[in-house]
Amino acid sequence: MTTKKQENQLTEWQRAQFATEHSNRVLLYGLPGTGKTYFGLNYAVKTEAHRLICTEEMTDADLIGCYKQNSQGTWTFHEGVGIKAWRTGARLVVDEINRMNGDVESRMMALIDSTASSSWQHPDTGEVVKPHKDFSVVATMNGLPEDLAPAILDRLVVRCEVNRPHPDALASLPKYLQDLATKMTDPDMGTDRVSLRSFVDFEAMYRKSGNLEFSTQVVFPNHHSDMSDVIRVARSSATPAEAEQS
Ligand SMILES: Nc1ncnc2c1ncn2[C@@H]1O[C@H](COP(=O)(O)OP(=O)(O)OP(=O)(O)O)[C@@H](O)[C@H]1O
Ligand SMILES: [Mg+2]
């Protein structure tokens, strides 16, 4: 018997959707290849979305901007993606936030801070820029939130763990692959788990080559003989309309 509480239980992606619709600062974390970046760039976005990929080498220039010389030799300030997103109220997807280096941490803290306390002054014009009311951040990472510096974590209090592929990602695969992809991408598969990206790549390779054997060998080297059998059966039992679609 399911209780009222269980009926109201959201799936992990429903939680992420609700969080992103109702909060301007959300951290999505979990296993690779589930659709976190795609979600940040495409879901509950009000105007446009910019992606900021965090790396060991990133600098303030990536977030805020830097001076660049034009062909006439004049130096002007070019705003970085963070300030652009502040101005327009865009979504800023701070991808792989755990890979950010310590040098940009304080800049990042200022960028993703609550809008009331944030501002930045343009070095040439003196203009003070504050985040647009629609500005939002979706940060993504593998691993656990505790891997982040406490001050960054304190600015991302809405945290959603997602370990299964987004349902739209599974639905975008041809019908004959969907059940298999759902099963193989499940976190309960442990070390046998296969990333959704493998299914996306397999589908493209098989569609282009028409060679099931080789495509499974190349994309699923550890499971290829089982995979090719299951896919062959799934394809042969597809309805003509489904086979046409795939
Ligand atoms: N909602 C979706 N609709 C259609 N395809 C999707 C969707 N989400 C993800 N995909 C597909 O899955 C691939 C992987 O998604 P994405 O890069 O967002 O994963 P991720 O969770 O950010 O992975 P990582 O943790 O490794 O960065 C995408 O390139 C895209 O092909
Ligand atoms: Mg990603």
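The values are calculated or read from the model by the stated rules, or taken from the named source; none is laboratory data. All values reported here derive from a predicted model rather than from experimental measurement. Glycine also receives a Cβ, built like all others from the backbone with ideal geometry; neighbour counts cover every protein chain displayed. Ligands, DNA and RNA are stripped out before the accessible areas are found, and what is left, the full protein with its side chains, is counted by its heavy atoms. Shrake-Rupley method; radii C 1.70, N 1.55, O 1.52, S 1.80 Å.
Quickly run through the stretch 28-38 and pick out the residues that are more than 6 Å from ligand 1 (Cβ to nearest atom) and either in contact with a strand residue (DSSP E or B) (Cβ under 6 Å, 6 or more places away or on another chain) or assigned to a helix (DSSP H, G or I) (or both).
Scanning the stretch 28-38 gives Leu28, Tyr29, Gly30.
For the stretch 33-54, which residues satisfy the criterion of being touching a residue at least 24 places away in the same chain (Cβ under 8 Å) and either open to solvent by 50 Å² or more (accessible area, probe 1.4 Å) or outside the structural domain of Gln121 (by TED's automatic domain parsing) (or both)?
Within the stretch 33-54, Tyr38, Leu41, Lys46, Thr47, Glu48, Arg51, Ile53 qualify.
Could you tell me which of the residues Gly143, Gly126 is more than 17 Å from the chain's Cα centre (by Cα) and on the phi > 0 side of the Ramachandran plot?
Exactly one of Gly143, Gly126 is more than 17 Å from the chain's Cα centre (by Cα) and on the phi > 0 side of the Ramachandran plot, namely Gly126.
Assess whether Arg164 counts as being open to solvent by 40 Å² or more (accessible area, probe 1.4 Å), part of a loop (DSSP other than H, G, I, E, B) and within 18 Å of Lys36 (Cα to Cα).
yes
Considering only the stretch 57-108, state which residues are within 23 Å of Ser23 (Cβ to Cβ), open to solvent by 10 Å² or more (accessible area, probe 1.4 Å), part of a helix (DSSP H, G or I) and touching a strand residue (DSSP E or B) at 6+ places or on another chain (Cβ under 7 Å).
Val81, Lys84, Arg87, Asn98
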